[in-house]
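What follows is a short report on a single structure.
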Ligand code: SF4
């Protein structure tokens, strides 16, 4: 059997559906029997692969863009996890960026910080946020350092800092994160993809 491309498959599928409608309805024959017009793209559309952000399955998606505009998101047929399929949650993925054709006003593009006991969020720079994270990890690690366990075994660890990864982390990122955790003496490392 001759192999057909994905685009050819959808073309044939669309033609079969239109044909079935012509035979099963009356009154709309003229409209439905009109020859199918091909849609010519006037501008180049870029497609990039990414991963659905909503759950631990980590399904692959194809994101179509034109300039800075998001045009569509669909399942990535060659992704080993979902083979092009997406669940109902993923139907709203495009809202992460666009709502009713406008940029989603709730999409966060800056670091926001709420100080202890404060009732508001303040904008901060990435430099400030990364410095704060490093500072707090160091202080917590120093304050909670365990050199020996109760039986006198040398353990050199902290049990006061934990790390939770996400399904969008790839193997290489997980490797680096785990290396960093172990170097810090962290023992509690977990990933959303396993929970
Ligand atoms: S498409 Fe559905 S199952 Fe797949 S990662 Fe997204 S939310 Fe999870």
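Laboratory data are not the source of any read-out in this text; all were calculated from the coordinates shown. Keep in mind that this is a model prediction, so the values were computed, not measured. Backbone-built Cβ (ideal geometry, glycine too); neighbour counts: all protein chains shown.
Worth pointing out:
- Count - residues of the range 165-189 that are farther than 17 Å from residue 57 by Cβ and in contact (Cβ under 8 Å) with a residue 12 or more places away in the chain: 8
- Residues satisfying the stated conditions in the range 42-99, i.e. within 11 Å of the ligand (Cβ to nearest atom), assigned to a strand (DSSP E or B) and in contact with a helix residue (DSSP H, G or I) (Cβ under 8 Å, 6 or more places away or on another chain): 61, 73, 75
- Those strands (runs of 3 or more DSSP E) of the range 146-191 in which at least 2 residues are surrounded by 11 or more Cβ atoms within 10 Å (Cβ to Cβ) and touching a helix residue (DSSP H, G or I) at 6+ places or on another chain (Cβ under 9 Å), considering only elements entirely within it, cover 154-165, 186-191.
- Members of the range 65-104 that are touching a strand residue (DSSP E or B) at 6+ places or on another chain (Cβ under 7 Å) and at positive phi: 84
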